[in-house]
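The numbers here are math on the coordinates, done by the rules we state, and not lab data. Remember, predicted model here, so these are calculated numbers, not experimental data. Cβ placement follows ideal geometry from the backbone for every residue including glycine, while neighbour counts extend to all protein chains displayed.
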Amino acid sequence: MPEEQRDNLVHITIDDIPVAVLPGTLVWQAARQIGIEIPYYCYHPKMPPLGACRMCFVEVEKMPKPPQTSCTTVVSEGMIVHTRTERVLKARRGVLEFLLINHPLDCPICDKGGECDLQDFTLRHGPGGTRFDLFKRHFPKPVPMSNDILLDRERCIHCQRCTRFCAEISMDNGLVMINRGFRMEVGTAPNHVFDSIFSGNTVEICPVGALTAATFRFKTRPWELKHTPSVCNNCSVGCNARIDVRVDRVTRLMSRTNDAIDDGWLCNRGRWEFGFVNENRLRTPLIRRNGQLQPAGWDEAFLFIARRLTETLKTHGPQAIGGIGSTRITNEESYLFQKLLRDVLGTPNIDHHHGFFPGPRDPLTGRPWMMTNSIADIEKASHIALIAADPYQRQPILDLRIKKAMRQGAHIYIVNAHKTELDRFAASKITIPENGAGMAAKLLLKAALQNDKVDASQYSDLYTQLQSQEKELKEAETTFGLEVATQLQFLANEIVGAKGAIILYDEMATLAPGCQNLAVDVQALAVVTNNIDRPGAGVGPLFEDANSLGARDMGVLPDALPSYQRVQEQGMSYSEMLSSSQIEALYVVGANPARHVEGPELLSTLEFLIVQDVTLTETAQQADVVLPAVTFAEKEGSMTNVDHHVQAIRRALRPLPGAKADWEIFVELAKHLGHKWSYCGPQDVLREIAQTNPFYASLSWETLGLQGVRTEEHIGEDAAHV
Amino acid sequence: MLSSEHAIVVYCKEYTMSFDIIKGMATTLKNMGRKPSTVSFPEQERELPPRFRGRHVLHRYENGLERCVACYLCAGACPADVIYIEAEENTAEHRVSPGERYARVFDMNLLRCIFCGYCQAACPTGAITLEHEYKLVAFSPEELIYHKEQLLEPLGQATVGTNADWYEPPPADAAQPVPQESHVFDGFEATAASVGMGDLPTERPILLANEEQDEDRRKLAGEDDSHL
């Protein structure tokens, strides 16, 4: 009845069950919503429908007689769908029979056995036996597609999921379909290797064992694995992953869909680079005796550290102690680390390795340094400018999101001294000289302020500042050359008039000589062109590591307390602690500063070095005490990704015997130093953080759930919660 | 005095006996003359029925290759979590089994094993069977975790084991399939599953009607010299 259907949903009937779905939904998706399984091979929810495999047949009344493929049929009002009629069941059996004709009898030796769509659908929908008594066709196998992927041509059922992923989603050096008809095969372009960083996704979406991962080859069977939902720890995007563990080793990570962050994909780094969990782990604390690091017990180590630190406090005072935090430990652990250093030891010297940001907050907007837009917002942008950023190398899944935006019409502008993977998609690639990003940002800002549409009178301070640097700017223009200068001008004008411009720069680019003001200038550029706080617009740094932003939020900074409040006493920064002779004792957690000092060794004036890490790094080799910590797969906690999604990591493995979680070590150490903290676990610490930090207000372990929560700063009681 | 059908009263000096007691004593007397079924182990050993389920053995083919392809089906079927397998790739230099993979590690915790035979039933190549060895002793639990070397039949021996007793023998005119060492898996070569228990016919006429479809097989077998 017309008056009942005032909502904008489409009402259809599947197998006599009524269901209401959004317009534009496919019949297959509607059936899945009510729990009806329709077997399918070529369809994938994140890719446009194809209809090649002919597996997802359903009968639709009042449509042409043969069954329709439900993955290409869009729902329409009043549609009546049958998924279990005689004709549909016969069609499914027939399709499976055809697929099994040439499919090799490889189940016992195929890696996919146990999680194979062909096995599962044949069992549930297939013919009981075969009528084929001829010889199956054979190809030499396996064929390496790259160092990581092996192709088995006999098993391939030509669903084209892999080739469509490479063509439509990842758009780089991928797999293609070669030939037609019965000669069709999956392959790469001649003399090309499938060396995309997203190649692991094709292994995951292949419904049979045609594409298999070389790192996972023959390791285990799916039924022996234990699955734990967690988050990847290898870059700041924080893609949701599922850690698969056999007995006590991590065998692989699979993707777990989070539409707000990773869109269902995972890059190869996340999928296969977890060697640090399984190998080369520290198993006992080490104490340096007679110049050699020797195994010791935990109590011994704690007493030793407590004694030495108390001595240093007495003789040199708290200023002589410094702490270097980690960008890869959880929020709770970073919070306890700074609490240990500030409250227990009384030192203000705490920092971690990060890009150059003047002050904890941006002087122009008063916000802390982070992306103002969400990752999902990238899809809504009309212009995406990457300044000294190469997401393909550093934050790969963002590269996929940018390509998705591009497919919806966004223009990409790249300002970089080197080649990047997105160059060939860029509307304009502006090649600046090495370390020229700082000057390029200033030139962009100047051009933007000079644009007619921008009201420069509002930003007179900025303008005067730029005027005072007129000489340097002119020099830069000459060094860059006329062409580059014009391109920068053009880009600035584009950003001004853009429907929504997202400007991203790499955090570490601010450390290059001459780029100290990169962050300030890019942020100012976004502000003057009104590209903040609008859908599809934003600006921000692309952080380096899994919890870089969390470390900043938790106050592992010399000039900021947790939630970016002003410190009472400014502490020494990362590079200062490594070069000042004032520091007598240094506590390094999950970091490797030995890579960032000039010589091979840390300061000789350093008397006491504590290193807490999972493996014996270069810094740990010089330490006086080494404490073994556990990896992200062995503990629980929360981590904050680049657009401020706070996500829960969960324990997939039992903690390595002999190693402890970082938060446990901090609590023990505080106890030995006279402060008894009463935390039972990371959940308790999170509760305390939620009470004191506006960015984490109202968060608890339960609310983090499986998809995390994106939070913004709560200003006052009634600020809106995102 | 009344007497029922069951109770025949026997007058005796001390007590009365019912028929059931007499039946029991008759059984005892009957068996007194018989030979006992006790087997005085270890001097004598009981003769075992052919399908007796004792300790497992991993079998080989006649050309020395191991049958086990580390498919994990026995480990998956086992109700007691007895078997631990790690698979490894066969290379041209080091070929252990026909096909792509072999079992580098094959550990069985015989303390957990209930000798049900599910692993033998699950194995697609007839690699693992339960044979007649039952004298399993050790001084420590670690010794009863049998590794592959202890389970594998020695080089030179290639038997089918008790699979011959559990399953139909192959037809008389079928040759024992000899696995080839190529990478090609064909109907009459020892693929993981097509070998089965040795009961598939190995010679089959080629029924192809379409020459073009047979192109790959001809090329690989070297019969097709159209490129010359």
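Descriptive notes on the structure:
- Our summary gives chain A a relative contact order of 13 percent, counting only alpha carbon pairs under 8 angstrom and 6 or more residues apart.
- Legend: mean number of C-beta atoms from other chains within 10 angstrom of residue C-beta atoms, peptide A:103-113, equals 6.
- Label-point separation in nm, B:LYS135 to A:GLU434, each point 7 Å along Cα→Cβ: 7.8
- For A:SER255, the residues whose modelled amide H falls within less than 5 Å of its own, excluding neighbours fewer than 5 places apart on the same chain, are A:ARG242.
- Linear extension gain, A:LEU364 paired with A:ARG289, 0.36 nm per residue minus alpha-carbon span: 21.8 nm
- Per-residue 3J(HN,Hα) values for the stretch A:447-459, derived from phi via the Karplus relation 6.51 cos²θ - 1.76 cosθ + 1.60 with θ = phi - 60°, read 4, 5, 5, 7, 5, 4, 6, 9, 7, 5, 5, 5, 10 Hz in sequence order (x marks Gly and Pro).
- Summing charges over neighbours of B:GLN157, with a neighbour being any other residue whose Cβ is under 11 Å away from its Cβ, gives -1 when K and R count +1 and D and E count -1.
- Across q = 0.14 Å⁻¹, the stretch A:1-139 modelled as identical point scatterers on its alpha-carbon atoms has Debye log10 I(q)/I(0) values of -0.71, in the order of the q list.
- Förster radius 51 Å - calculated FRET efficiency between A:ARG650 and B:SER37 (Cβ-Cβ, nearest 0.05): 0.30
- Per DSSP, loop GluC sites (Glu not before Pro) in the stretch B:107-176 with at most 15 further Cβ within 10 Å: B:GLU133
- Amide H contacts for A:ARG710 (H built 1.01 Å from N in the peptide plane; partners 5 or more residues away or on another chain; cut-off under 5 Å): A:VAL646.
- Calculated from backbone phi, Karplus (6.51, -1.76, 1.60) coupling profile of the stretch B:142-147 in Hz, x at Gly/Pro: 5, 5, 8, 9, 7, 9
- Low-density loop positions, chymotrypsin sites (Phe, Trp or Tyr not before Pro), the stretch B:15-65 - DSSP coil, at most 16 other Cβ in 10 Å: B:TYR15, B:PHE52
- Once the convex hull of all Cα atoms in the stretch A:10-84 is built, its volume per residue stands at 84 Å³.
- For the stretch A:98-213, relative contact order (Cα pairs under 8 Å, six or more residues apart, normalised by length) works out to 30 percent.
- In the protein assembly as shown, the DSSP-assigned H stretches of four residues or longer account for a calculated mean residue ellipticity at 222 nm of -7000 deg cm²/dmol, using -39500 (n - 2.57) per stretch and the full residue count as denominator.
- Charge dipole magnitude, Cβ of K and R +1, D and E -1 - the protein assembly as shown, Cα centre, debye nearest 20: 1420
- Working from label points 7 Å from Cα in the Cα-to-Cβ sense, the B:GLU47 to A:ASP259 distance is 7.4 nm.
- Histogrammed with a bin width of 10 Å, the alpha carbon distances of the stretch B:56-162 distribute as 15, 49, 30, 5, 0 percent, first bin at zero.
- The spacing between the stretch A:31-81 and the stretch A:134-189, judged by their C-alpha centroids, is 25 Å.
- Binned Cα-Cα distance frequencies in the stretch A:157-235 - 5 Å width, integer %: 3, 13, 20, 22, 19, 12, 7, 3, 1
- Those GluC sites (Glu not before Pro) in the stretch B:32-130 that DSSP places in a loop and that have at most 12 other beta carbons within 10 Å: B:GLU43, B:GLU45, B:GLU47, B:GLU62, B:GLU93
- Counted without the sites themselves, the longest stretch of chain A free of GluC sites (Glu not before Pro) in a DSSP loop having at most 10 other beta carbon atoms within 10 Å is A:78-278.
- Rounded to whole Å, the principal axis extents of the Cα atoms in the protein assembly as shown read 128, 79, 75, largest first.
- Close amide H partners of A:ILE649, meaning residues 5 or more places away or on another chain with modelled amide H under 5 Å apart, are A:GLY637, A:SER638, A:MET639.
- Residue-count net charge about A:ALA448 - beta-carbon cut-off 14 Å; Lys, Arg +1, Asp, Glu -1: -1
- The HN-Hα couplings worked out from phi for the stretch A:571-585 by the Karplus form 6.51 cos²θ - 1.76 cosθ + 1.60 (θ = phi - 60°) are x, 7, 7, 4, 6, 5, 4, 7, 10, 8, 7, 6, 7, 9, 10 Hz, whole numbers, x standing for Gly and Pro.
- Taking other residues whose beta carbon is less than 15 angstrom from the beta carbon of A:PHE194, and scoring Lys, Arg as +1 and Asp, Glu as -1, yields -3.
- Model label points for B:ILE114 and A:ARG687, set 7 angstrom from Cα along the Cα-to-Cβ axis, are 4.4 nm apart.
- Neighbour counts of C-beta atoms inside 10 Å place A:LEU706, A:LEU466 in the sequence A:LEU706, A:LEU466, starting with the fewest.
- Extension gain, A:LYS62 back to A:MET177 (0.36 nm per residue minus Cα-Cα distance, nm): 37.9 nm
- Contour excess over end-to-end distance, with Cα ends at A:VAL597 and A:ILE80 and 0.36 nm allotted per residue: 179.1 nm
- A:LYS90/A:GLN408 FRET efficiency (R0 45 Å; Cβ-Cβ; nearest 0.05): 0.65
- For the stretch A:3-113, the relative contact order comes to 28 percent (Cα pairs under 8 Å, sequence separation of at least 6).
- Using R0 = 41 Å, the C-beta based FRET efficiency linking A:ASP455 and A:LEU673 works out to 0.15.
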